[in-house]
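Down below is the structure, laid out as structure tokens.
What follows is calculated from the coordinates using simple rules that are stated; it is not laboratory data. Just so you know, these numbers come straight off a predicted model, no measurement behind them. Neighbour counts are summed over all protein chains in view; Cβ atoms, including those assigned to glycine, are modelled from backbone coordinates with ideal geometry.
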């Protein structure tokens, strides 16, 4: 049984992983990496989407941002330019972790500004595809911490009610 649902949304040009600038992004396709990710996290439902279109990314954030346990977003170049994606992240309820495969601070100056970082619960930068693994672990921990806190509060409330009766 799947206990968590995490959505991965990749933005423009990430469909070219494995062939585009292998010295920066590596030679593994995202689909190959995703298969390994899913096999390492069998209890997590991992849904994956990729688009080169800003509006489609926003539509997916809206569609899953109120129902998923978390979203991993690699907005690609839109991280540096899209106020609309930033607004969409702010509008949804589930936590969003931003991932950049490359170290954007070691690249061209225009990549140093990330408009999405401060509206995400965390940003993982420069860890290659393994950044997605770290993001999944972070989201699972966050969901489990929230669940633990909720059940602790319920137990304390029940204990208080029992004492008053």
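General observations
- Within the chain, percent of DSSP bridges classed antiparallel, to nearest 5: 0
- In terms of its C-alpha gyration tensor, the stretch 23-111 comes out oblate, because a/c is 1.5 or above while a/b does not outweigh b/c.
- When 30, 66 are arranged by Cβ crowding within 10 Å, least crowded first, meaning fewest neighbours, the order is 66, 30.
- Against the main long axis of the alpha-carbon atoms of the chain, helix 30-40 sits at an angle near 30°.
- Residue 28/residue 91 FRET efficiency (R0 30 Å; Cβ-Cβ; nearest 0.05): 0.35
- Choice from 106, 63, 117 showing the highest fluctuation, given a GNM over the chain with Cα pairs closer than 10 Å: 106
- Debye equation applied to the C-alpha atoms of the chain, log10 I(q)/I(0) at 0.11, 0.16, 0.19 Å⁻¹: -0.47, -0.90, -1.23
- Estimated FRET transfer efficiency when R0 is 25 angstrom, pair residue 111-residue 49 (beta carbons, to 0.05): 0.60
- The slack in the chain from residue 42 to residue 141, taken as 0.36 nm per residue of separation less the alpha-carbon distance, amounts to 34.1 nm.
- Cα long-axis angle, helix 54-64 against the chain (0 to 90 degrees, to the nearest 10): 20
- GNM flexibility winner over the chain from 133, 21, 54 (Cα, springs under 10 Å): 21
- Helix axis angle, 130-164 relative to the chain longest principal axis, alpha carbon, degrees: 10
- Pair residue 63, residue 21: separation of 7 Å Cα→Cβ label points (nm): 2.8
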